[in-house]
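Below is one structure; the comments refer to it alone.
Values in this text are rule-based calculations from the coordinates and carry no lab data. In this text, all values refer to a predicted model and were calculated from it rather than measured experimentally. Cβ coordinates were reconstructed from backbone atoms using ideal geometry, including for glycine residues, and neighbour counts include every protein chain displayed.
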Amino acid sequence: MRLKGKVTVVTGGAQGIGLATVRRFLEEGAIVALADITPAAVARALEPLAAIGGQVRGFTVDVTSRGSLAAMVSELRRAYGRIDVLVNNAGITLDARLQNMSDEQFDRVIDVNLRGVFQATQAVLPAMLEQGSGVILNASSVVGIYGNFGQTNYAASKFGVIGFVKTWARELGPKGIRCNAVCPGFIATGLLDSIPPKVLEQMRERVPLRRLGTPEEVAQVYAFLASDEASYVNGAVIEVGGGLTI
């Protein structure tokens with residue numbers, strides 16, 4: 001078990017890539033805090049995880065609220081005395097062309113996807129600095145490298161979290177804390193449920209592997225980066241897109 005005993009926080013952990021990451025980390029022996037914004041979503045996510053075993057706790061957390069982040073971190077430190085890994089997975093999309101994007105759409109995506117990552121990382125950082133070790137993993141996207149039509153706000157936020165890890169790798173590396181970003185491509189999550197089959201087929205055709213990725217394939221990369229096997233990986237930006245951007 002590569003992550004045995006590592007106390008891990010996964011934001012946006014109730015569905016999609018976040019939930020797959022929680023599951024994978026439990027399988028690898030981690031102690032996992034599943035954090036998401038609604039109590040019902042957290043409760044639904046926890047039910048099937050019981051079959052895996054291990055230690056998982058659910059927290060209702062809004063990453064834009066320092067208070068809710070602080071409450072979770074305080075409880076984890078009280079219970080376990082440390083926090084080893086943070087997966088900044090929580091994020092939203094509110095798409096529109098540049099000329100049609102409202103201030104509200106722009107601000108909300110930036111608030112969750114960028115400020116939320118900043119605040120969640122600040123919340124766990126004192127524990128990591130105190131123990132002299134830790135791993136911070138930011139969920140970016142291929143959109144955060146190459147941009148995408150209709151996603152000014154989302155692209156800006158995902159470019160931004162790459163900038164975070166590049167900076168934090170320099171600042172925190174000497175303190176024993178590694179920081180990396182993962183950039184998924186077309187991943188088969190619930191976000192694609194509303195996309196017409198013809199469009200999904202076009203998406204598959206754009207990928208050299210001729211298929212969509214799975215949340216589990218992204219989760220496996222997070223598990224590697226969180227483990228000691230990646231002990232010399234710091235400041236990296238890793239695409240998980242099946243060659244989409246080639």
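Some observations on this one:
- The residues V56, V63, when put in order of fewest to most other Cβ atoms within 10 Å, stand as V56, V63.
- The chain, relative contact order in percent, only Cα pairs under 8 angstrom and at least six apart counted: 20
- Annotation for region 81-127 versus region 34-68: alpha-carbon center distance of 17 Å.
- Rounded, prolate or oblate (a/c below 1.5 giving rounded, otherwise prolate when a/b exceeds b/c) for region 102-165 by Cα gyration tensor: oblate
- The amide H of A188, built 1.01 Å from its N in the peptide plane, has G213, T214 as neighbours under 5 Å, considering only residues 5 or more places off or on other chains.
- Packing-based ranking of 98-109, 35-46 yields 35-46, 98-109, ordered from highest to lowest mean Cβ neighbour count within 10 Å.
- Residues I187, I52, ranked from the fewest to the most other C-beta atoms within 10 Å, line up as I52, I187.
- In a reduced charge model with +1 at each Lys and Arg Cβ and -1 at each Asp and Glu Cβ, the chain shows a dipole moment near 340 debye about its Cα centre.
- Positive-end residue, the chain charge dipole about Cα centroid, Cβ charges, pick of I195, Q220, A169: A169
- Simple rule: put +1 on each Lys or Arg Cβ and -1 on each Asp or Glu Cβ in the chain, find the dipole, and look at S231, T64, A51; the Cα lying farthest toward the positive end is S231.
- Residue with peak Gaussian network fluctuation, the chain [Cα springs, cutoff 10 Å], from I110, I195, I92: I195
- The lysines whose alpha-carbon is closer than 27 Å to the alpha-carbon of K166, local same-chain residues fewer than 8 away aside, are K6, K158, K175.
- For region 149-192, chymotrypsin sites (Phe, Trp or Tyr not before Pro) meeting the loop criterion (DSSP other than H, G, I, E, B) and having at most 16 other Cβ atoms within 10 Å: F149.
- Here the scattering of region 7-240 is modelled by Debye summation over its C-alpha atoms, one equal scatterer each and no solvent; at q = 0.14 Å⁻¹ the log10 of I(q)/I(0) is -0.88.
- Under the shape rule built on the C-alpha gyration tensor, where the axes satisfy a ≥ b ≥ c, region 96-223 is oblate, since a/c reaches at least 1.5 while a/b does not exceed b/c.
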